[in-house]
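Chemist: There's a structure below that I have some questions on.
Rule-based calculations on the coordinates, nothing more; no lab input. Since this is a predicted model, take the numbers as computed values, not measurements. Every residue, glycine as well, gets a Cβ built from its backbone with ideal geometry; the counts of neighbours run over all protein chains shown.
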Amino acid sequence: MILFKKFVLALFINIAMLAIPSTVVAGEEISQESVVAALKEAISFSEEIVAGIQSGAEADTIEQLYKQVKYAIKRVVISDSKSAVPRAKANKRMKASRKAFRGGDFEKAASLAADGVKYYKQTLSNKI
């Protein structure tokens, strides 16, 4: 009986997976223009982070900017490795910058954020 239940469950899962068309799972098509716009948005927020750290802005404001960069870059879908590598480097720098900022090392945070801006700009130049 247990073997029969496992068989029925496996059969049900297979039928359910075949019933869902791949276009439904894939989601909407993302245009090149929206990717470029999201990259430009991430660059502007990153530049605001650098300026805010250097000018001594409030921590809450800068944390919000870090979150906005994170959400903007999530909208960037890159399939070619030429653009994906600098984006990954930029994301890594921004993550380290946020960690340094939370730790109180503002000089290091500004430097890492500036590196992130540089790599985001490189990603944008590869996409255009």
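Chemist: Name the one entry in 108, 127 that is surrounded by fewer than 19 Cβ atoms within 10 Å (Cβ to Cβ), free of Cβ contacts under 8 Å to residues at least 40 places away in the same chain and not polar (S, T, N, Q).
Modeler: Within the list 108, 127, the selection yields 108.
Chemist: Is there any pair with a first residue in region 64-78 that is farther than 19 Å from residue 89 by Cβ and a second that is among the charged types (D, E, K, R) and in a helix (DSSP H, G or I) whose Cβ atoms are under 9 Å apart and which are 6 or more apart or on different chains, and what are they?
Modeler: Close Cβ pairs satisfying both conditions: 65/48; 68/41; 68/48.
Chemist: Please pick out the residue among 89, 99 that is among the basic types (Lys, Arg) and within 21 Å of residue 126 (Cα to Cα).
Modeler: 89
Chemist: So, one more: Of everything in region 58-83, what is farther than 18 Å from residue 125 by Cβ and not in a helix (DSSP H, G or I)? Give them in sequence order.
Modeler: 58, 75, listed by residue number.
Chemist: Here is a follow-up. Can you work out which of the residues in region 63-89 that are charged (D, E, K, R) and surrounded by fewer than 15 Cβ atoms within 10 Å (Cβ to Cβ) is nearest to residue 109 (Cα to Cα)?
Modeler: Of everything passing the filter in region 63-89, 63 is nearest to residue 109 (Cα to Cα).
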